[in-house]
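Taking it in order: structure first as structure tokens, then the write-up.
The values are calculated or read from the model by the stated rules, or taken from the named source; none is laboratory data. The model shown is predicted, which means the values in this text are computed figures rather than measured ones. We place every Cβ from the backbone using ideal geometry, glycine too, and count neighbours over all the protein chains shown.
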Amino acid sequence: MNVLKFGGTSVGTVESLRHVKQIVESLPRETVVVVSALGGLTDTLIATALKASEGGEWRAEMDRISKRHHDIIDTLVEEERKTETLSKVDSLLGELSRTYEGVSLIGDLPQKILDLIVSMGERMSAPIVAGIVKGARLHDSLEFIKTEKWFDKNIADGALTHDLIQKEFSCLGDGPHITGGFISQDRDSGEITNLGRGGSDYTAALIAAALDAEMLEIWTDVDGFMTADPRIIKDAKVLPSMSFVESMELCSFGAKVIYPPTIYPVFHKNIPIRILNTFNPTAKGTLISDVSDSYEYPVKGVTAINKTCLVCLSGNFTENVAQVNTRAYNALARNGISVFLLAQPGENHEFSFAISSSDRIQASKVLNEEFAPELIDGMLTGITLTDSLSTVAVVGEGLKVMKGINGRVANTLKRNGINPLACSEGNSETTISFVVEEKDSVRAIESIHGLFFRTNV
Ligand code: ASP
Ligand code: MG
């Protein structure tokens, strides 16, 4: 059996939902389908919550949200399932409206209330899709996707979720089975949580892994994984295939195709992923598996993460570099901050690494506490954090065997007047990454994409 995930644009309009209906109805009944909220709705839910908490007008947006869901139900839901679907969705719309009212009255938006508000997207879209697809059965993902607290984040409790999914889907023959992505429930408090923005992919991967699916299909609005973001690179190409590792690297360095944690559960079970286009269902898409066609496509893509912050520790610690390094990463990890690029050490007794700008304040506090004694006795002379940067990455298993590749990348950047502030220490053989000023990010992607793809794709 296969697990399919349809993203927001695929379930966003009457037209796109007609495609989804057609695709799912043509598949075996054992199929499990995970859906996102209606396209753009999660953003709207958050923006409206913020507005309400600041005393702004929220009722008109609430009315638009209701109308959008009602229009789809009126036009597409099967007659005999209309009453049931409407009553489910109306009760959620009522709860949403009362929650906005509460937020507006108290003028505050606690995280758990925001989590409740954003959960409404998938809690409404799933019963709607189940009402549209013939014979479909609805499953409530809050019953089987469980999270636990990790610092201030919620992360999936893999073992518990795995067992609950197997129980929930023990009779697969009576489907197709529809469920909402993204949303989850805290295993201890029972509060509604989520798997992070873009998390519907991850829900689908957890289900595919627990049920030993043959394939995880991610249905989106492009023909497949591309060599770069097509909004930046007009001649970006669709790749026929890539390896799990390549897709993991591309996604963790900013490719928006799949939510990064998604790949691990299916990679672990060697379940291939196919990226497909709801609006062009006959296109072959991109197959992600344990095979890399690095002969034909040695490099798979160029991506970037904006909002990078470069942390630099400088001092007189030549002999203790490894120890300072380890202490810095451990202190950050203990506080839930991850480092995504370690820079090659500079000449002047300093070393740098990149984190997300959103972790900047917390990282500064943690490092200053960790190294307070060394800052006093002079072993460390400074901890500096620089923002408004971008991490650019080139990914491909073929990089392992390409000669002089670092030099070619460096020369291309130099020719385009871009000066990398840090280069990765080569922590992965399949990726070359470097940090540039955010204003140079697009030019860096263009020039590197040109270097690899103008002639050989
Ligand atoms: N609706 C959620 C979001 O927009 C989850 C998803 O679509 O994957 O982030
Ligand atoms: Mg997505």
Could you go through the stretch 206-229 and let me know if any residue there is away from ligand 2 (no atom under 16 Å from the Cβ), touching a helix residue (DSSP H, G or I) at 6+ places or on another chain (Cβ under 9 Å), touching a residue at least 40 places away in the same chain (Cβ under 8 Å) and more than 30 Å from L164 (Cβ to Cβ). yes
Since S10 meets every condition but one in (1) away from ligand 2 (no atom under 16 Å from the Cβ); (2) crowded, with 16+ Cβ neighbours inside 10 Å; (3) of a type in the set (S, T, Y), which condition does it not meet? (1)
Taking into account only those residues within the stretch 230-241 that are of a type in the set (K, R) and free of Cβ contacts under 8 Å to residues at least 24 places away in the same chain, which is farthest from ligand 2 (Cβ to nearest atom)? K234
Any chance I132 is within 16 Å of ligand 2 (Cβ to nearest atom), modelled with pLDDT of 95 or more and crowded, with 22+ Cβ neighbours inside 10 Å: no
Going by what's in this entry, would R64 be described as surrounded by 13 or more Cβ atoms within 10 Å (Cβ to Cβ) and either outside any loop (DSSP other than H, G, I, E, B) or at pLDDT below 95 (or both)? no
Look at the stretch 15-50 and say how many of its residues are in a loop (DSSP other than H, G, I, E, B), within 16 Å of ligand 1 (Cβ to nearest atom) and small (G, A, S). 4
Give L413, L451 a once-over and let me know the one that is over 19 Å from F351 (Cβ atoms), in contact (Cβ under 8 Å) with a residue 12 or more places away in the chain, out of contact with any helix residue (DSSP H, G or I) (no Cβ under 6 Å at 6 or more places or on another chain) and of a type outside the set (S, T, Y). L413
How about the stretch 159-204: which of its residues are in a strand (DSSP E or B) and either near ligand 1 (Cβ under 9 Å from one of its atoms) or under 20 Å from L116 (Cβ atoms) (or both)? T179, G180, I183, S184, Q185, D186, I192, T193, N194
Report, by residue number, each residue of the stretch 178-194 that is more than 11 Å from ligand 2 (Cβ to nearest atom), crowded, with 18+ Cβ neighbours inside 10 Å, farther than 15 Å from L160 by Cα and not β-branched (V, I, T). G180, N194
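What number of residues within the stretch 21-56 are of a type outside the set (K, R) and within 17 Å of D71 (Cα to Cα)? Spell out how you get there, then give the answer.
Going through the stretch 21-56, the residues of a type outside the set (K, R) turn out to be 22-28, 30-50, 52-56.
Adding the requirement that they be within 17 Å of D71 (Cα to Cα) leaves 37-41.
Of the residues in that region, 5 qualify.
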Apart from one, (1) away from ligand 1 (no atom under 15 Å from the Cβ); (2) polar (S, T, N, Q); (3) under 23 Å from T13 (Cβ atoms) all hold for S53; the odd one out is (3)
Within the stretch 242-266, considering residues that are away from ligand 2 (no atom under 16 Å from the Cβ) and among the hydroxyl-bearing types (S, T, Y), the one farthest from G198 (Cα to Cα): S243
